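For reference, the structure is listed below as structure tokens.
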Amino acid sequence: MAEPVIALDGARLTLAGNAGPVEILKGLNLSVPKGQSLGLIGPSGSGKSSLLMVMGGLEAATGGRVLAMGQDLTAMTEDDLARFRQRHMGVVFQSFHLIPTMTALENVAVPLELAGHRDAFDRAADELRSVGLGHRLDHYPRQLSGGEQQRVALARAAAPRPAILLADEPTGNLDGVNGQAIMDLLFGLRDRHGATLILVTHAPELAERCDRIVRLADGLIVGDELRAAA
């Protein structure tokens with residue numbers, strides 16, 4: 001059997017709270033194969049976003065192990081994790097996290113340039129065209145709508161050709177029309193680049209498009225459904 005792209009072995013996350021330690025994730029076991037689209041669903045406070053952060057090494061698990069592409073994220077330093085994400089992961093958040101003093105082109109190209117890609121600006125322009133923003137390359141975030149800003153964020157995440165694409169409520173700040181467009185682009189990027197897609201969502205229509213749906217409640221996995229169409 002092929003090695004999973006991401007595997008959790010008893011992963012725990014406990015954070016300090018006002019009344020003492022709070023157990024966010026309670027010993028989760030999960031294996032995600034290459035190329036799968038996985039939707040993480042559940043009520044607010046169930047641990048969905050925390051699980052995504054742990055999978056991406058953006059939050060350190062406080063127990064168990066988290067493996068990505070065969071590498072133990074729990075054994076890495078912050079610098080090692082940053083380099084690993086730069087090489088292998090793309091991340092899209094509900095808030096777009098664009099740099100306001102950079103154009104759309106620069107927001108996508110500069111991370112590529114810092115990663116050593118000599119064709120950074122050409123690749124960034126191609127990726128922005130692929131999300132329908134070829135006419136907005138020189139516009140700043142303040143000149144773009146929310147849907148356009150999320151398209152820039154998607155282009156930035158996809159431009160390095162990541163093996164793993166993580167998305168946390170990518171349509172949460174958008175209206176229905178823009179949300180649908182972002183959904184189509186997100187799955188299109190997954191298909192075009194062959195990435196494993198893991199997303200957190202409250203939108204049933206977005207979860208239904210995934211190959212697999214994992215439901216969380218109170219820091220535990222309480223459902224794991226492989227879709228018939230997967």
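The values are calculated or read from the model by the stated rules, or taken from the named source; none is laboratory data. Quantities reported herein were computed from a predicted structural model and do not represent experimental measurements. In this analysis, Cβ positions are derived from the backbone assuming ideal geometry, glycine residues included, and neighbour counts consider all displayed protein chains.
Assorted remarks:
- Single unsatisfied condition, Ala155 versus (1) in a helix (DSSP H, G or I); (2) at pLDDT 95 or above; (3) small (Gly, Ala, Ser): (2)
- Residue check for Leu98: touching a Pro at 6+ places or on another chain (Cβ under 7 Å) and touching a residue at least 12 places away in the same chain (Cβ under 8 Å): yes
One line per residue, one yes/no per condition, for (1) in contact with an Asp or Glu (Cβ under 9 Å, 6 or more places away or on another chain); (2) closer than 18 Å to Phe96 by Cα; (3) at pLDDT below 95; (4) not hydrophobic (A, V, I, L, M, F, W, C):
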residue: Arg142; (1), (2), (3), (4): no, yes, no, yes
residue: Thr171; (1), (2), (3), (4): no, yes, yes, yes
residue: Leu185; (1), (2), (3), (4): no, yes, yes, no
residue: Leu220; (1), (2), (3), (4): no, no, no, no
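- Matching residues, region 1-22, being at pLDDT 95 or above and either closer than 16 Å to Leu38 by Cβ or surrounded by 15 or more Cβ atoms within 10 Å (Cβ to Cβ) (or both): Val5, Ile6, Ala7, Leu8, Asp9, Ala11, Arg12, Leu13, Thr14
- Taken together, Gln150, Gln180 contain a single residue that is on the phi < 0 side of the Ramachandran plot and either at pLDDT below 90 or touching a His at 6+ places or on another chain (Cβ under 6 Å) (or both), which is Gln180.
- Among the residues of region 47-95, those that are touching a residue at least 60 places away in the same chain (Cβ under 8 Å) and charged (D, E, K, R) comprise Lys48, Arg87.
- Residue ID - farthest from Ile221 (Cα to Cα), chosen from residues in region 3-32 that are in contact with a Pro (Cβ under 8 Å, 6 or more places away or on another chain) and in a strand (DSSP E or B): Leu15
- When residues of region 75-101 are limited to those that are under 18 Å from Ile164 (Cα atoms) and not hydrophobic (A, V, I, L, M, F, W, C), the one farthest from the chain's Cα centre (by Cα): Asp80
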